[in-house]
Each structure stands twice: as C-alpha cells, then as structure tokens.
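One structure is given below, encoded as structure tokens.
The values are calculated or read from the model by the stated rules, or taken from the named source; none is laboratory data. The shown structure was predicted, so the numbers you read here are calculated from the model rather than taken from an experiment. All Cβ positions, glycine included, derive from the backbone under ideal geometry; neighbour counts span all protein chains shown.
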C-alpha cells in the first residue's frame with residue numbers, strides 16, 4: 001500500500017480514494033471510502049470490457065471472486081468498485097516465501113478458485129485472467145480479480161494449474177491431475193467442477209505466519225488511512 005501519487009485522482013464518482021493498492025490483473029487499484037458502503041472498498045481503473053465483468057461478478061457472486069459493489073462503465077477511464085479485503089497477489093507472495101506455499105494451502109486455493117471458475121463456466125463464460133497477479137490471497141481465502149470473459153473454460157483450467165504450480169514453487173501436489181489440466185487436447189482436460197470437488201476433500205486454507213503478518217500490516221495501514229489520502 002502506498003500514498004496517492006501526484007497523478008492519481010483523489011476521487012472517482014462518490015468514492016474518496018485513500019491509497020494505492022498493489023496492482024492486480026494488470027490494473028491499478030485504490031483503497032477508498034464510499035458514502036453508503038460500510039468499511040473500505042477497492043476501486044479499480046479498468047482497461048476494457050467492464051460491463052461484461054460487472055455482469056459476471058453479479059451473476060457468479062460467491063467465494064473465490066472479488067465482491068461487486070458498483071461500476072461506472074461509461075466513465076473515462078471506467079472503474080469498478082469491490083469490497084476491500086486485505087490481500088496479497090500470488091505474485092507478491094513469491095517474493096515473501098522461499099519454497100512456495102504448503103501443499104494443503106495450495107489445494108485449498110485450488111478448491112476455492114476452481115469453484116469460482118465452475119460458477120462462471122456454468123454461465124457460459126470464461127474468466128480469462130487466471131494469473132499469479134490475478135489471484136488475491138487474504139486471511140480467509142483466495143479470490144480472483146474481475147473476469148475478462150475471454151478465452152474458454154479449458155483455458156481457465158490450464159491457467160489454474162499453472163497458478164497452483166507457481167504457488168507451490170514448482171512442487172504442487174496432484175501432479176498427474178495438473179498435467180491433465182494442460183493436456184494439448186482440451187476435451188481431455190478436467191472441468192472446474194471436477195477440480196473443485198477433488199481439492200475440497202483434501203485442502204485446507206492456512207497461510208504461513210509470514211504471510212499472515214503481512215496481511216495484518218496491510219489491514220493496519222488501511223485503518224491508518226481513515227483520516228484521508230496523503231499525497232506525495
């Protein structure tokens with residue numbers, strides 16, 4: 001979390017921006033307050049396809065996806081508002097841990113994200129941004145950034161396998177299953193439902209103490225921003 005920079009807006013619509021959060025999914029995110037939303041929210045400056053993303057977030061609401069609050073599809077640039085949960089991207093985590101996450105945590109992440117993908121796939125949509133910087137790890141679970149709706153469900157499955165490999169620093173459990181996720185023949189890849197059921201029976205989401213500490217520090221920093229933004 002950083003202070004707002006000179007070039008950053010101080011407000012977007014009714015949302016007062018307080019700080020810059022880590023970029024996720026290649027898009028700039030801000031910690032913010034809204035007039036009718038308890039607690040903090042995160043506001044993301046969106047590069048494309050916001051209307052479709054907002055529609056998918058509302059329709060597939062649940063664990064494993066950021067929680068939709070509001071969107072301004074016709075603004076320039078457009079922006080998306082979701083509930084704020086202190087989190088690190090998986091890309092951030094790689095710099096904090098040596099040797100990757102424990103196997104149980106990797107399976108827990110897999111179960112949650114596969115469940116979110118299954119809800120999107122049931123709507124006939126793909127997520128399209130399952131990448132290390134598109135996965136947010138919080139104290140109570142993992143979430144995917146906004147769906148782009150691009151690609152196919154089979155692409156999402158292969159991307160999830162790559163993300164879990166990354167989370168485990170190349171030593172992910174269930175190697176045979178992950179290899180199936182990346183079969184050249186997409187028809188032979190397992191579905192997101194199959195993955196969610198498999199990992200839900202085996203995984204438990206518990207982060208190492210170092211990550212728990214980092215998340216606690218971010219939560220403290222968010223509370224310190226209550227007084228308003230501090231520019232550079």
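Here are the numbers:
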item	result
Hits in segment 150-181 (condition: modelled with pLDDT of 90 or more and surrounded by fewer than 16 Cβ atoms within 10 Å (Cβ to Cβ))	152, 175, 176, 179
Helices (runs of 4 or more DSSP H) enclosed by segment 29-138 - at least 3 residues per element that are farther than 21 Å from residue 200 by Cα, at pLDDT below 95 and in contact with a strand residue (DSSP E or B) (Cβ under 9 Å, 6 or more places away or on another chain)	50-59, 90-94
Flag for residue 49 being at negative phi and touching a residue at least 24 places away in the same chain (Cβ under 8 Å)	no
Qualifying position, being touching a helix residue (DSSP H, G or I) at 6+ places or on another chain (Cβ under 8 Å), surrounded by 12 or more Cβ atoms within 10 Å (Cβ to Cβ) and touching a residue at least 60 places away in the same chain (Cβ under 8 Å), among 219, 192	192
Selected residue (only one of 90, 117, 136 is closer than 28 Å to residue 18 by Cβ, touching a residue at least 60 places away in the same chain (Cβ under 8 Å) and touching a helix residue (DSSP H, G or I) at 6+ places or on another chain (Cβ under 6 Å))	90
Which listed residue is within 24 Å of residue 40 (Cβ to Cβ) and either buried (at least 17 other Cβ atoms within 10 Å of the Cβ) or over 16 Å from the mean Cα position of the chain (by Cα) (or both), from 101, 88	88
